[in-house]
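Chemist: Please find one structure pasted underneath; my questions will follow.
The values are calculated or read from the model by the stated rules, or taken from the named source; none is laboratory data. In this text the structure is predicted, and so the values were computed from the model without any measurement. Don't worry about glycine lacking a Cβ; one is built from the backbone with ideal geometry, like all the others, and counts go over all protein chains shown.
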Amino acid sequence: MSDDVVRMTQTDMFSWRMEQNPILRSTIVAVALLDASPDWDRFVATVERATQVLPAMRRKLVPDRGLAPPRWVDDPDFDLGWHLRRLDAPHPKNFQGVLEVARTAGMSAFDPARPLWTYTLLDGLEEDGAAAVVMKFHHSLTDGVGGVQIAAETMDFERDGTARPPVAVPDAEARKPSIIDTAGWYASSAAGLARNSASAAARLAARSITRPLQTLRDAGGTARSVARIVEPVTTTASPVMTERSTRRHFATLDVPVEKLAAAGGVGGGTLNDAFLAAIVLGMREYHRRHDADIDHLRVTMPMNLRSDDDPLGGNRITLLRFALPCDTDEPKDEIGRMHEIVAKWRVEPAVPLAEPIAGALNVLPSAAVGAMLEHVDFVASDVPGSPVPLYLAGAKIIRQYGFGPTIGAAFNVTLLSYVGDCCMGIDVDDAAVPDIDTLVDSLDNGFREVCELVS
């Protein structure tokens with residue numbers, strides 16, 4: 001197995017370095033509510049097969065020397081029983097009890113001596129379902145879209161199960177780095193940099209001869225784009241959500257997919273634009289309840305860079321941070337503005353440079369990275385899920401929610417579509433938002449206003 005497959009990417013390393021600051025802890029938690037208790041033996045067998053299909057689920061991180069990224073190494077002590085837990089649902093035996101387990105999981109650090117994931121089955125719910133599964137992954141192991149792909153290896157399209165092909169035997173073991181491996185990484189990195197620099201220089205020279213002014217404009221535009229992406233944010237736009245802590249609480253909202261998508265179309269945008277507009281309208285309401293006015297807020301929006309050729313799992317996103325105007329109560333106008341802003345950021349020249357930008361940020365002190373993220377007001381992530389019902393070891397999934405990390409923001413809203421619903425998981429920093437019920441009610445009003453465009 002080649003070195004570039006098992007060595008941590010710079011983007012993965014950026015997520016892992018956030019663990020140095022608990023406020024930036026980068027843990028993804030997903031919750032699935034079930035209509036029955038899964039067959040435990042079948043569940044264990046399904047997850048065990050998934051760990052064979054997805055080698056990253058059997059790998060742990062081993063630090064390397066100097067600036068070389070850590071290596072993903074096959075864990076010789078891999079113990080599936082440590083990663084799979086089965087517990088009685090805590091009181092109250094309903095969804096709120098499940099969310100309490102989920103939020104404490106999200107606040108807990110991973111054991112770096114083991115692969116960075118756990119599944120916890122909670123049996124014996126008396127309301128809202130019969131059982132639930134709490135799935136926890138570190139962001140360096142996967143992003144939201146990658147998490148959906150990993151979950152697909154453990155979930156079925158029929159209650160009786162989905163036929164899956166035999167698992168191929170891996171070609172080689174991901175092993176610990178030796179001094180020769182490390183030296184080889186430095187040598188290959190230097191050679192690659194020289195090769196890419198020479199190639200870029202040749203292209204630049206050719207273009208500068210044929211189109212000198214355009215070449216200068218493009219180079220300057222890319223430089224300015226990189227500066228916009230990495231620019232430190234030193235003040236919090238919200239006058240209310242200014243404090244940060246390591247305490248978290250979870251909440252949920254549900255909105256029909258069809259309505260939110262149609263509302264996006266009415267406003268000249270997409271479902272994601274309607275999603276952002278609803279959050280902004282909800283935040284205007286939340287600040288009014290605190291006797292505060294806002295004209296803009298800052299959002300961190302993960303942008304998916306995953307291609308069809310990328311392996312399952314892994315972190316294939318870049319984090320875009322930008323301001324959203326909050327000076328109108330008109331849902332249609334807000335959707336249109338969200339569409340223009342997001343469309344502009346998606347074509348930023350620096351977006352394809354996510355990996356080298358992450359590499360540059362990785363040499364900065366963690367305090368400097370924290371300064372870039374801790375003054376952002378909220379995180380918003382839209383993850384496409386399954387449009388058809390899914391099953392887990394014989395149990396039907398009723399609802400499923402993803403809770404993305406706040407990574408320094410006041411809260412994170414992650415939209416995970418499932419069948420006909422936008423299931424939104426809300427991860428809140430208690431210091432920034434001590435009144436989570438007020439926040440959720442305000443966001444609910446924002447989504448109601450947006451969806452009323454098509455009612």
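Chemist: Would segment 75-92 turn up any residue that is among the aromatic types (Phe, Trp, Tyr) and in contact with a Pro (Cβ under 8 Å, 6 or more places away or on another chain)?
Modeler: In the first step, residues of segment 75-92 are kept if they are among the aromatic types (Phe, Trp, Tyr); the result is 78, 82.
From what is left, the residues that are in contact with a Pro (Cβ under 8 Å, 6 or more places away or on another chain) are 78.
Looking through segment 75-92, at least one residue is among the aromatic types (Phe, Trp, Tyr) and in contact with a Pro (Cβ under 8 Å, 6 or more places away or on another chain).
Chemist: Taking only segment 361-418 into account, find how many residues are at pLDDT below 95 and of a type in the set (Lys, Arg).
Modeler: 0
Chemist: Here's something else I'd like to know. Given the conditions (1) among the acidic types (Asp, Glu); (2) at pLDDT below 70; (3) part of a loop (DSSP other than H, G, I, E, B), and given that Glu355 satisfies all but one, which numbered condition is not satisfied?
Modeler: (3)
Chemist: While we're here: What is the number of the single condition among (1) of a type outside the set (D, E, K, R); (2) outside any strand (DSSP E or B); (3) touching a Leu at 6+ places or on another chain (Cβ under 8 Å); (4) under 23 Å from Ser108 (Cβ atoms) that Thr406 does not meet?
Modeler: (3)
Chemist: Next question. Looking only at segment 37-85, filter to residues that are of a type in the set (Phe, Trp, Tyr) and either under 23 Å from Ala102 (Cα atoms) or more than 24 Å from the chain's Cα centre (by Cα) (or both); which one of those is surrounded by the most Cβ atoms within 10 Å (Cβ to Cβ)? Steps first, please.
Modeler: Of segment 37-85, the ones of a type in the set (Phe, Trp, Tyr) are 40, 43, 72, 78, 82.
From what's left, either under 23 Å from Ala102 (Cα atoms) or more than 24 Å from the chain's Cα centre (by Cα) (or both): 40, 43, 78, 82.
On the way: Trp40: 13, Phe43: 21, Phe78: 15, Trp82: 12.
Result: Phe43.
Chemist: Answer yes if at least one residue in segment 407-430 is surrounded by fewer than 22 Cβ atoms within 10 Å (Cβ to Cβ) and within 18 Å of Leu99 (Cα to Cα), and no otherwise.
Modeler: Yes, some residue in segment 407-430 is surrounded by fewer than 22 Cβ atoms within 10 Å (Cβ to Cβ) and within 18 Å of Leu99 (Cα to Cα).
Chemist: Follow-up. Residues of segment 101-126 being farther than 23 Å from Asn21 by Cα, free of Cβ contacts under 8 Å to residues at least 40 places away in the same chain and of a type in the set (D, E, K, R), which ones?
Modeler: Within segment 101-126, just Glu126 meets the criteria.
Chemist: Here is a further query. Among the residues of segment 130-153, is any in a helix (DSSP H, G or I) and at pLDDT 85 or above?
Modeler: no
Each row is one residue, and each column tells you yes or no for (1) farther than 30 Å from Ile398 by Cα; (2) in a strand (DSSP E or B); (3) small (Gly, Ala, Ser).
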residue	(1), (2), (3)
Ile23	yes, no, no
Ser37	no, no, yes
Arg42	no, no, no
Met57	no, no, no
Arg85	no, yes, no
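Chemist: Pull out all pairs, ordered by first then second residue, where Cβ-Cβ is under 9 Å, the residues are six or more apart or on different chains, the first lies in segment 439-455 and is free of Cβ contacts under 8 Å to residues at least 24 places away in the same chain, and the second is among the acidic types (Asp, Glu).
Modeler: Going by the 9 Å Cβ cut-off, the qualifying pairs are Asp441/Glu285.
Chemist: Taking the conditions exactly as written (modelled with pLDDT of 95 or more, over 24 Å from Gly408 (Cβ atoms) and part of a strand (DSSP E or B)), does Asp333 satisfy them or not?
Modeler: Values: modelled with pLDDT of 95 or more: yes; over 24 Å from Gly408 (Cβ atoms): yes; part of a strand (DSSP E or B): no.
Answer is no for this residue.
Chemist: Do we find that Asp444 is part of a helix (DSSP H, G or I) and either at negative phi or among the hydroxyl-bearing types (Ser, Thr, Tyr) (or both) in this structure?
Modeler: Numbers: part of a helix (DSSP H, G or I): yes; either at negative phi or among the hydroxyl-bearing types (Ser, Thr, Tyr) (or both): yes.
Yes, satisfied.
Chemist: Among the residues in segment 297-307, are any modelled with pLDDT of 95 or more, touching a Leu at 6+ places or on another chain (Cβ under 7 Å) and aliphatic (A, V, I, L, M)?
Modeler: Yes, the conditions are met somewhere in segment 297-307.
Chemist: While we're on this one: Could you grab me the full set of residues in segment 78-115 that are among the aromatic types (Phe, Trp, Tyr) and touching a Leu at 6+ places or on another chain (Cβ under 6 Å)?
Modeler: The answer is Phe110, and nothing else.
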